[in-house]
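Engineer: So that we are looking at the same thing, I have put the structure below in structure tokens.
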Amino acid sequence: MSLLQVNQLKKVYTTRFSKQQVEALKSVSFEVEQGEYVAIMGESGSGKTTLLNLLAALDQPSGGQILLDGTDLTKITQRQISAYRRANLGFVFQDFNLLDTFNVADNIYLPLVLAKQKHQVMAAKLDKLAPRLKIDGLLEKYPYEISGGQKQRVAIARALITEPKLILADEPTGALDSKSTDSLLEIFEQIHQSGQTILMVTHSIKAASNASRVLFIKDGQIFHQLYKGDMTNAKMYQKISDTLTMLLSGGQ
Amino acid sequence: MFFYTRLALTNLKNNAKFYLPYLLSTIFTTALYYIISSLRFSESLQDHSSLIAFLDVGANVIVVFAVVFLLYANSFVAKNRKKQLSLYNILGMEKRHLIVMMMVETLITAILAIGLGLLAGIVLSQLMYLIIVNLTQASLEFIITVPLVSMYRSALLILAILGLSLLANLVRVIRSNPIDLLAQQSQGEKEPKTKIFLTLVGLVSLGAGYYLAISITDPMAAITMFFVAVLLVMLGTYCLFTAGSIALLKGLKANKNYYYLTRHFTAISGLIYRMKQNAVGLANICILCTCVLVTLSSTICLYSGIEDSVQLQCPVTQMITTYYAEDQELLENIVKKNIESISYDDYFSIRAYQTIGLVQGTSITFDPDQFDNFDNYATINILSQSDYNRGFNQDLDLHGNEIYLYSNYGYKENRITFANETYQIAGTITQKAIMADNSYSPKQLAIVVNDETIANIAFLKNSSPKFTIGFNSEADLEPVIEQVEADYTSSKEKVLYSLTNIDQQRAYGYELYGSMLFIGIFLSLMFMMAAVLIIYNKQLSQGYEDQNKFEILQNVGMSQQEVKQAIQSQILIFFFLPLVVSVIHLGFAYKLILNVLDLFLIGNTNNYFKATLICIGALVVIYCLVYRYTAKTYYQIVKK
Ligand SMILES: Nc1ncnc2c1ncn2[C@@H]1O[C@H](COP(=O)(O)OP(=O)(O)O)[C@@H](O)[C@H]1O
Ligand SMILES: [Mg+2]
């Protein structure tokens with residue numbers, strides 16, 4: 001069975017002031033296997049963030065089903081959802097979402113503290129994780145003292161430290177320069193290699209060409225998907241950009 | 001010019017969140033100053049000299065406070081506009097344009113503040129006039145007064161303060177570099193360092209202040225030490241809010257097993273930053289609340305003690321005391337002749353030695369060289385049996401060391417020792433009038449001894465007894481007393497007597513303590529306004545600080561409920577710390593204030609306790625209301 005199964009997922013936003021409804025997701029279905037690295041691409045406004053928010057159980061779908069390891073996320077009660085999210089999902093955001101009032105180590109500890117873990121246990125986990133993400137020299141620093149690329153690595157560490165089943169990343173390279181982007185993609189590649197399942201929304205073709213599969217989303221629907229298979233990054237890059245051109249020109 | 005006016009108006013409107021409270025504070029200050037000044041210059045109040053004196057003091061306090069407070073309020077607005085101004089600058093407005101724009105803004109503020117402030121002031125001052133007349137029980141008609149000099153002074157005061165603010169803002173703009181300004185806002189803040197020295201200074205001075213407050217029993221020392229204690233406690237408050245709070249929080253943070261608990265984790269780190277940025281503001285709120293509590297509780301206590309104290313001091317409606325024993329017959333004849341025309345009763349006349357003594361157990365010491373604890377002192381009248389019998393139509397017959405005793409506080413022993421002699425108490429006297437006008441202390445004793453004994457009491461030989469006539473009457477005594485005076489002066493060159501009239505005493509008490517209470521309420525209003533504005537400003541700044549926090553914490557796996565609880569508890573600690581500390585301050589100041597009050601008025605321990613409880617209760621209620629109302633701003637910002 002797949003790790004993640006999304007069946008006919010629908011999301012309709014109703015704005016409070018106008019009666020107008022926005023159908024952000026029409027009917028989205030796809031599956032993600034254990035250990036897969038999936039990229040999601042699409043124009044802005046196509047519903048990528050909405051999709052990720054639903055997968056993260058940060059928002060309720062208007063219809064459809066999300067099964068993570070056989071558990072239906074839409075059926076989990078509000079009271080349990082945070083604990084579930086904390087235990088099973090990790091997030092990486094475009095704007096890092098680090099708290100200025102915590103130093104790097106405490107930012108990473110945050111989900112563990114919320115899960116009521118002992119300090120010694122947390123420290124041991126961080127000791128193992130920090131060198132892999134090349135942040136072992138930054139632990140005592142504060143977010144405003146480090147660069148964007150470093151911040152994003154800290155955010156990844158925070159997502160990984162709970163050993164989640166699935167990492168969800170929303171444009172993680174969106175705020176980074178090309179050099180930081182490269183090193184961050186390397187890190188994603190590396191954690192993928194270690195068996196981590198990743199779902200990453202991205203605008204960057206380069207980022208997407210690292211993934212084992214790319215989903216294209218348009219107007220709230222999955223429009224196309226590409227498997228990397230044995231392709232080189234360069235070949236994959238070419239294919240993605242062709243698909244995007246087609247997508248933008250509106251063709252089928 | 002039109003362009004600038006429109007721009008300025010738009011700016012003020014767009015910054016309403018910051019600007020409106022500032023404008024309101026300015027209007028409020030104008031109104032307060034106008035009100036107190038218009039009362040000060042109100043023609044009908046000019047005869048009440050102690051009221052005028054208090055109004056003068058009040059007006060001066062308001063001036064000083066207004067300058068400090070409005071400059072603070074201005075700097076808060078200015079800080080939060082930095083970004084806007086630098087944006088204008090980057091978009092092509094030159095500094096001189098900005099300067100003109102800011103001048104126009106200040107002008108608009110001045111017009112609004114003076115216009116609305118005076119309007120509110122003129123309306124409210126009529127009400128205040130009624131209140132002050134009521135509190136001081138002055139028999140005055142209601143007349144509408146609008147003294148021009150007060151309008152002029154209020155306008156001048158506000159113009160001066162706004163001018164100063166403008167100057168400060170201009171200096172800020174001229175000195176600023178727009179790029180810096182834009183960059184500054186996004187910069188994170190360093191975690192504060194632990195300042196051990198300041199923390200120690202805070203602990204020591206707060207401890208010393210508290211110690212002074214609870215250890216001083218001499219009311220004379222209390223009055224001077226009061227200010228020393230106040231200064232020490234203030235210093236301690238500032239140090240402990242700024243350095244102490246952070247030292248404490250960082251100490252907690254260093255304890256890893258404590259810090260990394262879900263309950264403490266976000267709270268401690270969050271509070272460290274909140275305290276770093278806001279400690280002085282919180283200390284200010286705390287001091288202001290303490291001021292309100294002290295001012296209100298003591299003035300309410302004094303005011304509510306007026307009647308008790310008048311009753312204590314005046315056993316009858318009218319007393320006339322002469323210091324010359326040889327005048328007594330003359331005086332008594334004159335008085336008797338003049339009061340024949342009115343109805344009166346309880347007439348008495350007594351000759352007594354009036355003194356003060358330190359009462360310890362059953363012994364009295366008469367020549368204390370140091371006043372220690374007022375509670376142990378009594379005013380004492382000593383009189384001979386024959387004087388007592390004559391004055392009160394009695395027929396006591398005392399032998400040897402027998403005495404009769406009057407005490408207003410229930411003296412229970414059967415003997416009493418003074419001047420190296422022990423006397424047996426043969427009976428008690430109940431006439432309050434026996435104290436004559438020697439009755440200003442909460443403890444009173446009168447001792448009647450037989451005529452030989454009194455002649456042998458050594459220390460009385462150097463002093464002379466006073467002669468007092470007293471009676472109760474409902475009639476208008478003014479013409480009677482005037483006639484007594486006329487008759488007396490016609491036969492004597494010097495007038496050597498004093499008059500104690502219960503109505504005059506009461507009027508005097510109401511004027512003095514009524515004025516004090518009025519000023520107390522007035523200043524408390526001002527302190528409260530300042531505290532409210534600071535609280536509001538803190539809610540604004542905390543709101544902006546916390547805007548992202550909610551979202552991030554939810555994203556990392558806190559439920560909305562948990563986030564709300566975590567941040568709410570921080571905000572509650574943050575805002576209620578000043579209130580709690582101010583109540584603790586008052587608790588320690590309690591005895592000291594009571595000691596100082598002892599100098600003014602008598603018999604008020606119970607009153608003061610009640611007044612304090614009422615004030616604390618009222619402050620807590622008002623504080624909670626203000627908190628709840630201002631918290632709306634906070635949640636509006638955070639929810640965005
Ligand atoms: N909270 C919301 N309320 C109403 N409409 C929303 C909300 N969030 C997103 N939308 C709308 O849903 C659509 C998809 O948005 P989003 O998922 O953010 O797109 P993407 O991340 O692909 O740029 C857009 O049209 C957007 O305006
Ligand atoms: Mg998006």
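The values are calculated or read from the model by the stated rules, or taken from the named source; none is laboratory data. Since we're looking at a predicted model, the values are computed, not measured. Don't worry about glycine lacking a Cβ; one is built from the backbone with ideal geometry, like all the others, and counts go over all protein chains shown. When the accessible area is computed, the model is the full protein with side chains, heavy atoms only, and any ligands, DNA or RNA have been set aside. Shrake-Rupley method; radii C 1.70, N 1.55, O 1.52, S 1.80 Å.
Engineer: Just for the range A:53-68: of the residues that are open to solvent by 10 Å² or more (accessible area, probe 1.4 Å) and within 16 Å of ligand 2 (Cβ to nearest atom), which one is nearest to the chain's Cα centre (by Cα)?
Structural biologist: From the range A:53-68, those open to solvent by 10 Å² or more (accessible area, probe 1.4 Å) are A:53, A:57-65, A:67; that's our starting set.
Subset that is within 16 Å of ligand 2 (Cβ to nearest atom): A:53, A:58-59.
Details: A:Asn53: 10, A:Leu58: 13, A:Asp59: 15 Å.
Per the stated criteria, the residue is A:Asn53.
Engineer: Quick check on the range A:169-176. Is at least one of its residues modelled with pLDDT under 90 and away from ligand 1 (no atom under 16 Å from the Cβ)?
Structural biologist: Looking through the range A:169-176, at least one residue is modelled with pLDDT under 90 and away from ligand 1 (no atom under 16 Å from the Cβ).
Engineer: A follow-up question, please. Give all pairs with beta carbons closer than 9 Å in which a residue from the range B:138-151 that is aliphatic (A, V, I, L, M) meets a residue that is modelled with pLDDT under 90 and open to solvent by 100 Å² or more (accessible area, probe 1.4 Å); count only pairs at least 6 apart in sequence or on separate chains.
Structural biologist: Between residues of the range B:138-151 that are aliphatic (A, V, I, L, M) and residues that are modelled with pLDDT under 90 and open to solvent by 100 Å² or more (accessible area, probe 1.4 Å), the close pairs are B:Ala138/B:Asp47; B:Ile143/B:Glu43.
Engineer: Is it true that A:Ile135 is among the β-branched types (Val, Ile, Thr) and either within 16 Å of ligand 2 (Cβ to nearest atom) or in a loop (DSSP other than H, G, I, E, B) (or both)? Steps first, please.
Structural biologist: Values: among the β-branched types (Val, Ile, Thr): yes; either within 16 Å of ligand 2 (Cβ to nearest atom) or in a loop (DSSP other than H, G, I, E, B) (or both): yes.
In short, yes.
Engineer: Please state which one of B:Gly281, B:Gly305 is outside the structural domain of B:Ala446 (by TED's automatic domain parsing), surrounded by fewer than 21 Cβ atoms within 10 Å (Cβ to Cβ) and out of contact with any Asp or Glu (no Cβ under 7 Å at 6 or more places or on another chain). Walk me through it before giving the result.
Structural biologist: Details: B:Gly305 fails: surrounded by fewer than 21 Cβ atoms within 10 Å (Cβ to Cβ).
From the options B:Gly281, B:Gly305, the qualifying one is B:Gly281.
Engineer: Checking A:Gly45 against (1) farther than 26 Å from A:His192 by Cβ; (2) open to solvent by 30 Å² or more (accessible area, probe 1.4 Å); (3) more than 9 Å from ligand 1 (Cβ to nearest atom), which single condition isn't satisfied?
Structural biologist: (3)
Engineer: Out of B:Leu32, B:Leu20, B:Leu24, I need the residue that is part of a helix (DSSP H, G or I) and touching a Gly at 6+ places or on another chain (Cβ under 8 Å). Which one?
Structural biologist: Working: B:Leu20 fails: touching a Gly at 6+ places or on another chain (Cβ under 8 Å); B:Leu24 fails: touching a Gly at 6+ places or on another chain (Cβ under 8 Å).
Selected residue: B:Leu32, the only one of B:Leu32, B:Leu20, B:Leu24 that is part of a helix (DSSP H, G or I) and touching a Gly at 6+ places or on another chain (Cβ under 8 Å).
Engineer: Inside the range A:193-207, can you point out the residues that are open to solvent by less than 10 Å² (accessible area, probe 1.4 Å) and either β-branched (Val, Ile, Thr) or away from ligand 1 (no atom under 14 Å from the Cβ) (or both)? Let's see the steps before the verdict.
Structural biologist: Of all residues in the range A:193-207, those open to solvent by less than 10 Å² (accessible area, probe 1.4 Å) come to A:197-202, A:207.
Result: A:Thr197, A:Ile198, A:Val201, A:Thr202, A:Ala207.
Engineer: Go through (1) modelled with pLDDT of 80 or more; (2) facing another protein chain (nearest Cβ under 9 Å) one by one and return the number of the condition B:Val556 breaks.
Structural biologist: Looking at each condition in turn, B:Val556 falls short on (1).
Engineer: Is it the case that B:Ala120 is open to solvent by 20 Å² or more (accessible area, probe 1.4 Å) and in a helix (DSSP H, G or I)?
Structural biologist: Numbers: open to solvent by 20 Å² or more (accessible area, probe 1.4 Å): yes; in a helix (DSSP H, G or I): yes.
It is true that B:Ala120 is open to solvent by 20 Å² or more (accessible area, probe 1.4 Å) and in a helix (DSSP H, G or I).
Engineer: Continuing with this model, one more query. State whether one or more residues within the range A:145-159 are within 16 Å of ligand 1 (Cβ to nearest atom), surrounded by 21 or more Cβ atoms within 10 Å (Cβ to Cβ) and among the aliphatic types (A, V, I, L, M). Spell out how you get there, then give the answer.
Structural biologist: Taking the range A:145-159 and keeping what is within 16 Å of ligand 1 (Cβ to nearest atom), we get none.
Checked against the condition, which is being within 16 Å of ligand 1 (Cβ to nearest atom), surrounded by 21 or more Cβ atoms within 10 Å (Cβ to Cβ) and among the aliphatic types (A, V, I, L, M), the range A:145-159 yields no hits at all.
Engineer: What's the total number of residues in the range B:426-436 that are surrounded by 21 or more Cβ atoms within 10 Å (Cβ to Cβ) and in a loop (DSSP other than H, G, I, E, B)?
Structural biologist: At the first step, the residues of the range B:426-436 found to be surrounded by 21 or more Cβ atoms within 10 Å (Cβ to Cβ) are B:433-436.
In the following step, the residues that additionally are in a loop (DSSP other than H, G, I, E, B) were identified as B:436.
The number of residues fulfilling the criteria is 1.
Engineer: If I ask for residues that are within 12 Å of chain B (Cβ to nearest Cβ) and of a type in the set (Asp, Glu), which ones from the range A:136-153 would you list? Spell out how you get there, then give the answer.
Structural biologist: First, the residues of the range A:136-153 that are within 12 Å of chain B (Cβ to nearest Cβ): A:140-146, A:151.
Within the range A:136-153, A:Glu140, A:Glu145 qualify.
Engineer: To continue, here is another question. Going by the conditions given, is A:Thr162 assigned to a loop (DSSP other than H, G, I, E, B) and within 16 Å of ligand 1 (Cβ to nearest atom)? Quick ask: steps written out before the conclusion?
Structural biologist: Numbers: assigned to a loop (DSSP other than H, G, I, E, B): yes; within 16 Å of ligand 1 (Cβ to nearest atom): no.
Against the criterion (assigned to a loop (DSSP other than H, G, I, E, B) and within 16 Å of ligand 1 (Cβ to nearest atom)), A:Thr162 does not qualify.
Engineer: Also: Considering each residue of the range A:163-192, count those that are away from ligand 2 (no atom under 16 Å from the Cβ) and open to solvent by 30 Å² or more (accessible area, probe 1.4 Å), and give that number.
Structural biologist: 11
Engineer: Is it the case, given these coordinates, that B:Ile342 is crowded, with 17+ Cβ neighbours inside 10 Å and more than 33 Å from the chain's Cα centre (by Cα)?
Structural biologist: Spelling it out, it is not the case that B:Ile342 is crowded, with 17+ Cβ neighbours inside 10 Å and more than 33 Å from the chain's Cα centre (by Cα).
Engineer: Would you check which residues across the range A:1-17 are open to solvent by 70 Å² or more (accessible area, probe 1.4 Å) and either within 14 Å of chain B (Cβ to nearest Cβ) or within 16 Å of ligand 2 (Cβ to nearest atom) (or both) and list them?
Structural biologist: Restricting attention to the range A:1-17, the residues satisfying the condition of being open to solvent by 70 Å² or more (accessible area, probe 1.4 Å) are A:1, A:8, A:10, A:13-17.
Across the range A:1-17, the qualifying residues are A:Tyr13, A:Arg16.
Engineer: Please go through the range A:73-118 and give me each residue that is among the β-branched types (Val, Ile, Thr) and either over 18 Å from A:Leu3 (Cα atoms) or at the interface with chain B (Cβ under 9 Å from one of its Cβ atoms) (or both), ordered by number.
Structural biologist: First, the residues of the range A:73-118 that are among the β-branched types (Val, Ile, Thr): A:74, A:76-77, A:81, A:92, A:101, A:104, A:108, A:113.
Matches in the range A:73-118: A:Thr77, A:Ile81, A:Val92, A:Thr101, A:Val104, A:Ile108, A:Val113.
Engineer: OK, next. Return the total of residues in the range B:38-57 being modelled with pLDDT of 90 or more and farther than 15 Å from B:Leu119 by Cβ. Give the steps one after another, and end with the answer.
Structural biologist: At the first step, the residues of the range B:38-57 found to be modelled with pLDDT of 90 or more are B:38-41, B:52-57.
After this cut, where a residue has to be farther than 15 Å from B:Leu119 by Cβ as well, the list is B:39-41, B:52-57.
Of the residues in the range B:38-57, 9 are modelled with pLDDT of 90 or more and farther than 15 Å from B:Leu119 by Cβ.
Engineer: Checking A:Thr101 against (1) touching a Phe, Trp or Tyr at 6+ places or on another chain (Cβ under 7 Å); (2) within 13 Å of ligand 2 (Cβ to nearest atom), only one condition comes out false. Which one?
Structural biologist: (2)
Engineer: Taking the range B:2-27 as the region of interest, how many residues are in contact (Cβ under 8 Å) with a residue 12 or more places away in the chain and more than 18 Å from B:Leu540 (Cβ to Cβ)?
Structural biologist: 6
Engineer: Can you confirm whether the range B:257-268 contains a residue that is surrounded by 16 or more Cβ atoms within 10 Å (Cβ to Cβ), aliphatic (A, V, I, L, M) and in a helix (DSSP H, G or I)?
Structural biologist: Yes, because at least one residue in the range B:257-268 is surrounded by 16 or more Cβ atoms within 10 Å (Cβ to Cβ), aliphatic (A, V, I, L, M) and in a helix (DSSP H, G or I).
Engineer: Of everything in the range A:123-135 that's away from chain B (no Cβ under 12 Å) and open to solvent by 10 Å² or more (accessible area, probe 1.4 Å), which residue is nearest to A:Ser183 (Cα to Cα)? Outline the logic, then answer.
Structural biologist: Of the range A:123-135, the ones away from chain B (no Cβ under 12 Å) are A:124-125, A:127-135.
This time we only want the ones that are open to solvent by 10 Å² or more (accessible area, probe 1.4 Å), so: A:124-125, A:127-129, A:131-132, A:134.
Numbers: A:Ala124: 25, A:Lys125: 23, A:Asp127: 21, A:Lys128: 20, A:Leu129: 17, A:Pro131: 14, A:Arg132: 12, A:Lys134: 10 Å.
In this case the residue turns out to be A:Lys134.
Engineer: Only one of B:Glu474, B:Glu482, B:Glu545 is of a type in the set (Asp, Glu), open to solvent by 30 Å² or more (accessible area, probe 1.4 Å), within 14 Å of another protein chain (Cβ to nearest Cβ) and over 29 Å from the mean Cα position of the chain (by Cα). Can you tell me which? If you could, list the steps in order and put the result at the bottom.
Structural biologist: On the way: B:Glu474 fails: within 14 Å of another protein chain (Cβ to nearest Cβ); B:Glu482 fails: within 14 Å of another protein chain (Cβ to nearest Cβ).
Checking each option against the conditions leaves just B:Glu545.
Engineer: Of the numbered conditions (1) open to solvent by less than 50 Å² (accessible area, probe 1.4 Å); (2) in contact (Cβ under 8 Å) with a residue 40 or more places away in the chain, B:Leu599 satisfies every one except a single condition; which is it?
Structural biologist: (1)
Engineer: Please state which one of B:Ile285, B:Ile246 is part of a helix (DSSP H, G or I) and within 14 Å of another protein chain (Cβ to nearest Cβ).
Structural biologist: Details: B:Ile285 fails: within 14 Å of another protein chain (Cβ to nearest Cβ).
After applying the criteria, what remains is B:Ile246.
Engineer: Which residues, taken from the range A:18-43, are free of Cβ contacts under 8 Å to residues at least 12 places away in the same chain and within 16 Å of ligand 2 (Cβ to nearest atom)? Quick ask: steps written out before the conclusion?
Structural biologist: Of all residues in the range A:18-43, those free of Cβ contacts under 8 Å to residues at least 12 places away in the same chain come to A:18-22.
Within the range A:18-43, just A:Val22 meets the criteria.
Each row is one residue, and each column tells you yes or no for (1) open to solvent by less than 50 Å² (accessible area, probe 1.4 Å); (2) on the phi < 0 side of the Ramachandran plot.
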| site | (1), (2) |
| --- | --- |
| A:Thr74 | yes, yes |
| A:Arg79 | no, yes |
| A:Tyr84 | yes, yes |
| A:Asn97 | yes, no |
| A:Thr101 | yes, yes |
| A:Asp106 | yes, yes |
| A:Val113 | yes, yes |
| A:Val121 | no, yes |
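Engineer: Let me ask another. Suppose we keep only residues that are closer than 23 Å to A:Leu185 by Cα and free of Cβ contacts under 8 Å to residues at least 40 places away in the same chain within the range A:104-132. Which one would you say is nearest to ligand 2 (Cβ to nearest atom)?
Structural biologist: A:Leu129
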